[in-house]
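I have a structure I would like to understand better, so I am pasting it below and will then ask my questions one at a time.
The values are calculated or read from the model by the stated rules, or taken from the named source; none is laboratory data. What you are looking at is a predicted structure, and each value in this text was computed from that prediction instead of being measured. Heads up, the Cβs are rebuilt from the backbone with ideal geometry, glycines too, and the neighbour counts pull from every protein chain shown. When the accessible area is computed, the model is the full protein with side chains, heavy atoms only, and any ligands, DNA or RNA have been set aside. Shrake-Rupley method; radii C 1.70, N 1.55, O 1.52, S 1.80 Å.
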Amino acid sequence: QHSIKSLKAHNFLPLKKLLFFSAVILAMHACNTIDVYEKTQPFNRHEWPGNNKPSFMFTITDTAALYNIYAVIRHDDSYHFNNLWLNVTTMAPGDTAKIQQVQLILGDNTKGWLGSAMDDIIEHRILLTRNPVALKKGAYTFTLQQIMREDPLQNILNAGIRVEKATQ
């Protein structure tokens with residue numbers, strides 16, 4: 001013997017399941033079309049040797065958008081320098097590799113570290129482009145090489161690339 005209340009609740013159960021699965025499918029689809037790429041590579045013993053050149057590959061499909069490209073660096077509080085010099089090699093679709101020497105400012109003597117800190121780990125997301133850039137359709141590869149005098153570079157946890165659509 002079912003009450004009217006339990007019958008009404010039972011009739012909505014298929015609808016609730018449908019809504020739940022629709023939300024899950026929508027969320028999974030949204031994850032596949034995310035507008036951001038971010039990947040980092042960890043370094044053993046928190047040392048980044050100059051000959052370790054992490055590479056990051058991503059594909060651009062939306063050529064109407066403009067993009068910001070960031071270097072992502074994580075280090076611990078005992079990192080010895082306020083900056084980090086990198087060779088950033090970019091391989092665009094149908095193009096030759098382009099190498100850019102970049103100085104990332106990680107801190108200064110008055111403000112301390114410029115990134116966001118959690119305990120003794122500092123994370124930096126530093127723009128590699130002054131303005132948002134248009135990217136061609138296809139696969140891109142970015143390679144990072146530290147070119148500091150200290151080799152291996154101590155107290156670096158990981159390095160990577162972040163690409164996101166510019167907000168207008």
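Limited to region 88-106, what total is found for residues that are open to solvent by 70 Å² or more (accessible area, probe 1.4 Å) and assigned to a strand (DSSP E or B)? Reasoning before the result, please.
Initially, region 88-106 is screened for residues open to solvent by 70 Å² or more (accessible area, probe 1.4 Å), giving 91, 94, 96, 98-101, 103, 105.
With the extra rule that they be assigned to a strand (DSSP E or B), the set shrinks to 91, 98-101, 103, 105.
Qualifying residue count for the region: 7.
Give the residues of region 140-168 that are crowded, with 17+ Cβ neighbours inside 10 Å and among the charged types (D, E, K, R), sorted by residue number.
Within region 140-168, ARG162, GLU164 qualify.
For (1) closer than 24 Å to GLY50 by Cβ; (2) in contact with a Leu (Cβ under 6 Å, 6 or more places away or on another chain), each residue gets a yes or a no:
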position: PHE81; (1), (2): yes, no
position: ALA97; (1), (2): yes, no
position: LEU104; (1), (2): yes, yes
position: SER116; (1), (2): no, no
position: ASN131; (1), (2): no, no
position: GLY138; (1), (2): no, no
position: GLU164; (1), (2): no, no
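Here's another thing I want to ask about it. Which one is farthest from PRO42 (Cα to Cα), of the residues in region 62-93 that are in contact (Cβ under 8 Å) with a residue 60 or more places away in the chain and aliphatic (A, V, I, L, M)?
Ranking the qualifying residues of region 62-93, first place goes to ALA65.
Further question: Taking the stated definitions as given, is THR129 of a type in the set (Ser, Thr, Tyr), modelled with pLDDT under 95 and surrounded by 12 or more Cβ atoms within 10 Å (Cβ to Cβ)?
On the way: of a type in the set (Ser, Thr, Tyr): yes; modelled with pLDDT under 95: yes; surrounded by 12 or more Cβ atoms within 10 Å (Cβ to Cβ): yes.
The answer is yes for THR129.
Of all residues in region 107-126, which are touching a Phe, Trp or Tyr at 6+ places or on another chain (Cβ under 9 Å), open to solvent by less than 90 Å² (accessible area, probe 1.4 Å) and closer than 19 Å to PHE56 by Cβ?
Correct list: HIS124, ILE126.
Could you check region 107-131 and list, in sequence order, the residues that are of a type outside the set (D, E, K, R), over 23 Å from ALA166 (Cα atoms) and not in a strand (DSSP E or B)?
Here is the first cut: in region 107-131, the ones of a type outside the set (D, E, K, R) are 107, 109-110, 112-118, 121-122, 124, 126-129, 131.
Of the ones still in play, those that are also over 23 Å from ALA166 (Cα atoms) are 107, 109-110, 112-113, 117-118, 121-122.
Answer for region 107-131, where residues must be of a type outside the set (D, E, K, R), over 23 Å from ALA166 (Cα atoms) and not in a strand (DSSP E or B): ASN109, THR110.
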